[in-house]
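The structure appears below as structure tokens.
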Amino acid sequence: MNYKTLTLTLLLGLATHTNLQAEEMMSHEGHDMSQMGDMQQMEGMKEGVMTKGIITRLDEANGKVGIKHEAIANLKMPPMTMVFRVADPALLKDLKVGDAVRFHAENPAGKLTVTAIQRG
């Protein structure tokens with residue numbers, strides 16, 4: 001066997017072996033995919049991380065709440081006291097000034113908005 005034939009044979013063998021390995025890696029046959037939903041749920045939770053705070057002001061009529069809060073990671077906001085819009089004024093039901101809360105805030109269209117809030 002000459003040098004070119006040997007080199008070509010080795011390269012073809014390597015390419016075939018690499019393709020088989022790639023196919024095996026991409027095949028989900030025999031894998032338990034039941035946890036996939038849990039992983040997607042965890043990704044969603046990452047987006048909905050709750051921040052601790054204390055209610056300083058309630059304005060249910062205008063759908064606003066004042067909160068003295070810890071740093072808000074998803075908004076890259078340091079700890080401070082500020083007023084937020086509320087996505088749904090019903091979220092403020094049963095809350096009062098001084099309550100310790102956990103909340104999630106977003107910044108849709110440049111308007112800081114609490115999308116979830118709970119005592120805690």
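The values are calculated or read from the model by the stated rules, or taken from the named source; none is laboratory data. The shown structure was predicted, so the numbers you read here are calculated from the model rather than taken from an experiment. Note: accessible area is taken over every heavy atom of the protein model, side chains too, but ligands, DNA and RNA are not part of it. Shrake-Rupley method; radii C 1.70, N 1.55, O 1.52, S 1.80 Å.
Here are some notes:
- Gained length - residue 100 relative to residue 49, 0.36 nm times residue gap less alpha-carbon distance: 16.7 nm
- Nearest-10 value in Å² for the accessible area of residue 97, using the 1.4 Å probe: 90
- Counted residue by residue at 0.36 nm each, then reduced by the alpha carbon distance between them, the extension gain from residue 112 to residue 70 reaches 13.6 nm.
- Entry note, the range 51-119: relative contact order of 32 percent, from Cα contacts under 8 Å with a spacing of 6+ residues.
- For residue 76, a cut-off of 19 angstrom between C-alpha atoms picks up these lysines, skipping any fewer than 8 places away in its own chain: 46, 52, 68, 111.
- Gain in span if fully extended, residue 59 to residue 80, counting 0.36 nm per residue against the direct Cα distance: 5.7 nm
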